[in-house]
Amino acid sequence: THTDSGTIVDLLEQNKTLNAFISTLSSNDEIWLCQGTYTLSAPIYLNKSGQQIFGGFSGAESTIIEREISDLDGNGIIEPWEFTNASIIDGAGNYRCISIQGDAQTSVNGIVVQNGKTTNGGAGIYLNKGNVLNSIIRNNLVTDCTANTAASGIQNISGIVNGCLIENNTTDTGNFYG
């Protein structure tokens, strides 16, 4: 994991969870996630100005643009979310994965968000000011929602979602989207 100060932190080596590491971040900090699955022990909150999570790294990159993409689904097109080294944030069917309530510079980029669960919208990602770019949001579930509508994969209140694949998200409410 990389921070914008140039420090590389190995979460496993320090016996830290992704949640514990993110809770220590300040405004304008970046995290670079290497390939792997990061199972959550609680939701991730990005609520400070300019906080960013980037995924898709092998661990050898020195810049964000060095992340490798390839035609993973074999359809002849390289889509913006097809990072060769998938960085997966997994809610394990227990938690909303990510809540973004920062500003226009707060973002998630190149992450697979899966298996989130909540009783209100946005089991994968709740987005209220920020950006979700080049990511996959899949297999998230909203249950026992009292609202008339619910977004199961991503609930976008006020933000930008671009270059993302949103698939296989469900809700038990009558009306849902995303």
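By per-residue mean of other Cβ atoms within 10 Å, what is the highest-first order of 100-107, 133-140?
Details: 100-107: 19.8, 133-140: 24.4.
Output ranking for 100-107, 133-140: 133-140, 100-107.
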**Item:** Rounded to whole Hz, the Karplus (6.51, -1.76, 1.60) HN-Hα couplings of segment 35-42, x for glycine and proline
**Value:** 3, x, 10, 10, 7, 7, 9, 5
**Request:** Enter the Cα centre distance for the pair segment 84-113 and segment 35-52, rounded to the nearest angstrom.
**Result:** 6 Å
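Taking all protein chains as present, what is the carbon and sulfur share of the accessible area of segment 78-159, in % to the nearest whole number, probe 1.4 Å?
On the way: 1200 of 2800 Å².
That fraction is 43 percent.
Mind ranking 47-53, 108-114 by how tightly packed they are, going by the mean number of other C-beta atoms within 10 angstrom, highest first? Kindly include the intermediate steps, with their values, before the conclusion.
Working: 47-53: 19.9, 108-114: 26.3.
Result, highest mean Cβ count within 10 Å first: 108-114, 47-53.
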**Request:** Take every DSSP beta bridge whose two residues both sit in segment 37-166, then give the antiparallel share in percent to the nearest 5.
**Result:** 5 percent
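The values are calculated or read from the model by the stated rules, or taken from the named source; none is laboratory data. Computed from a predicted structure; not experimentally measured. Positions of Cβ are backbone-derived with ideal geometry, glycine not excepted, and every protein chain shown enters the neighbour counts. For the accessible areas, the whole protein counts, side chains as well, though only heavy atoms, and no ligand, DNA or RNA atoms are used. Shrake-Rupley method; radii C 1.70, N 1.55, O 1.52, S 1.80 Å.
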